[in-house]
């Protein structure tokens, strides 16, 4: 594992989750190497949608942020990429992996993987429009065909993509089977550019196990919502293996796991109110706590209570009452 200690850890792009409030929360524990944003609609960005400024807020560490674009029109995506390229960021990412029916039906997301030429044409135009690193996030494909996956990625590489992020499941599988992490290593051997892996990361240990394997970066999604300290915990574990002192490897004042949950939940509500518009508060809070409450024995009960609330103040009240009651119960 030591030879891979510098393998980057990436936060996955997740709808209604990968926004500034979550980045602020994760950064408070020590952060990760790159933060991919939730999908930014190229059409909405060009159209000046009322909420787009929230999607392109790169704080608190814009130099770590990767803006992910989604769309079906090459011209629109290229123009939107050029706009984002003017902002401070780590890079631009093209979504060619989203399997949501509404996205795929429009020709966006994983629909790009149906045609090597169409996808190659998109990358060619976007490469002309941007100077920053250009990456593409994909799945294993519309079906399980590794030869086609290699052909597809080689075309992207030829047109100027500098990083491939592979979620090694097919469109139909979604989360129904284990991710084929052997595909990540196999694809890496076929390409000259770096390949990152994404899928089935559930713990800091998983991050380090995958970082020790044949990949150039490891991306985590839902696990980083459940455990915003996951990246720091993984780095601390690496330091422990190198015999760094206990004092240097303590996480958030020595607290770990469930001990962090009460304060972290309140901190998220505070950040959400500060960094997201009121129209987004409830949907984003419900999405976050839908994962974060898994840290608790009675998490489903608490989720139900939180989901009944229609304001952040109501959610805060429920959250505080839950921990007050559980701390005083026999």
Please verify whether segment 151-158 includes one or more residues that are more than 19 Å from the chain's Cα centre (by Cα) and either outside the structural domain of residue 218 (by TED's automatic domain parsing) or farther than 21 Å from residue 123 by Cα (or both).
no
Here the residues within segment 205-228 that are within 14 Å of the chain's Cα centre (by Cα) and without any contact (Cβ under 8 Å) to a residue 24 or more places away in the chain are 223
Which condition breaks for residue 150 when tested against (1) more than 30 Å from residue 86 (Cα to Cα); (2) in contact with a helix residue (DSSP H, G or I) (Cβ under 6 Å, 6 or more places away or on another chain); (3) in a strand (DSSP E or B)?
(3)
Could you say which residue among 140, 111, 80 is out of contact with any strand residue (DSSP E or B) (no Cβ under 7 Å at 6 or more places or on another chain), buried (at least 20 other Cβ atoms within 10 Å of the Cβ) and within 20 Å of residue 13 (Cβ to Cβ)?
111
Could you list, in sequence order, the residues of segment 59-72 that are in contact (Cβ under 8 Å) with a residue 60 or more places away in the chain, more than 14 Å from residue 43 (Cα to Cα) and in contact with a strand residue (DSSP E or B) (Cβ under 7 Å, 6 or more places away or on another chain)?
66
Is there a residue in segment 47-58 that is crowded, with 23+ Cβ neighbours inside 10 Å, in contact (Cβ under 8 Å) with a residue 24 or more places away in the chain and touching a helix residue (DSSP H, G or I) at 6+ places or on another chain (Cβ under 6 Å)?
no
Return only the number of the condition from (1) free of Cβ contacts under 8 Å to residues at least 40 places away in the same chain; (2) under 24 Å from residue 222 (Cβ atoms); (3) outside any helix (DSSP H, G or I) that residue 102 does not satisfy.
(3)
Reported set for segment 219-235 where residues are assigned to a loop (DSSP other than H, G, I, E, B) and buried (at least 22 other Cβ atoms within 10 Å of the Cβ) is 227, 228, 229
When you look at residue 294, is it more than 22 Å from residue 38 (Cβ to Cβ) and part of a helix (DSSP H, G or I), yes or no?
no
Could you tell me whether segment 113-126 includes any residue that is touching a residue at least 60 places away in the same chain (Cβ under 8 Å) and in a loop (DSSP other than H, G, I, E, B)?
no
Residue within segment 189-197 that is assigned to a strand (DSSP E or B), closer than 22 Å to residue 121 by Cα and assigned by TED's automatic domain parsing to the domain that holds residue 99 present:
yes
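The values are calculated or read from the model by the stated rules, or taken from the named source; none is laboratory data. All of these numbers come straight from a predicted model, not from anything done at the bench. Please note: Cβ atoms are built from the backbone with ideal geometry, for glycine as well, and neighbour counts cover all protein chains shown.
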